[in-house]
């Protein structure tokens, strides 16, 4: 999903702006995960929300570098015109744009960490294969000087006392960042699918957080997630039962129209539904990854289990068979 300028903002500065950065360090976390640390003179004003906040990476083109979209012009920075200029470029000189999440930001050090999943042969994968200190890139990220610098995050658990996070490898950086910020009193279970067992990375979290790593070992991305969620629901029947009892739908029919899960037949349709923060909910589920797999999990939780759809956030970060890396 493209993170673009917040057109409804009344403040002078939009929520997001371009940051010209360069590679500082490249660290291989595992066979399929690589962390790139970027540095830039103005990263001291990069937004610090973290969590699952989305950013755009603009990659250079061979023989072109970066087409002029006003990345460094004083006016396009506050008014957001870089995006319309980028969209207006001919395809052959329009720099590839891909969506990632912030793994860590250290404004005082002017450093930004982004974790990449190593897969495919798209522009991001090709750039990553040769990335080295000094290489330049452009990050479209949250502007700490904007009153709307918090947009681009879909983590809204409200006061739910049990959190369920589910995702494939593309969602692992966001899940890791969320778990690191949870206060010790918040209970959470994370289910993360990775290509193989060697991709399990160390995460920092409180004692009330449990992490279940799934190795797909050659299986289709996302294929291990739904069975794991089913098993978790079976193990936590006490929690699920209480969640249903507390739901405003408990004394009505689960077939009520508010529980219908609208699903488009358009293969290119956006798979993305983020409810407002629930109040008084026992469970809040956050799911991200391959669109088909995430849609199946949401359908199971809402239609089969009966969880209020207002307690389930799901984001299709990518779609099998569509370019994205």
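Annotations for the structure displayed:
Residue-wise test of (1) in contact (Cβ under 8 Å) with a residue 12 or more places away in the chain; (2) assigned by TED's automatic domain parsing to the domain that holds residue 312.
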residue: 80; (1), (2): yes, no
residue: 88; (1), (2): no, no
residue: 97; (1), (2): yes, no
residue: 107; (1), (2): yes, no
residue: 132; (1), (2): yes, no
residue: 148; (1), (2): yes, no
residue: 185; (1), (2): yes, yes
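- Looking across the stretch 9-28, the residues that are more than 20 Å from the chain's Cα centre (by Cα) and either over 23 Å from residue 131 (Cβ atoms) or at pLDDT below 90 (or both) come down to 9, 10, 11, 12, 13, 14.
- Test: residue in the stretch 294-306 that is modelled with pLDDT under 90, buried (at least 18 other Cβ atoms within 10 Å of the Cβ) and either farther than 26 Å from residue 192 by Cβ or not assigned by TED's automatic domain parsing to the domain that holds residue 122 (or both): no
Let's see how each residue does on (1) more than 15 Å from residue 314 (Cα to Cα); (2) part of a helix (DSSP H, G or I):
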| residue | (1), (2) |
| --- | --- |
| 127 | yes, yes |
| 132 | yes, no |
| 141 | yes, no |
| 151 | yes, no |
| 163 | no, no |
| 172 | no, yes |
| 180 | yes, yes |
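- Meets criteria (surrounded by fewer than 22 Cβ atoms within 10 Å (Cβ to Cβ), touching a helix residue (DSSP H, G or I) at 6+ places or on another chain (Cβ under 8 Å) and either at pLDDT 95 or above or at positive phi (or both)) for residue 133: no
- Yes/no for residue 252 being at pLDDT below 85, surrounded by 11 or more Cβ atoms within 10 Å (Cβ to Cβ) and over 23 Å from the mean Cα position of the chain (by Cα): yes
The values are calculated or read from the model by the stated rules, or taken from the named source; none is laboratory data. The model shown is predicted, which means the values in this text are computed figures rather than measured ones. Backbone-built Cβ (ideal geometry, glycine too); neighbour counts: all protein chains shown.
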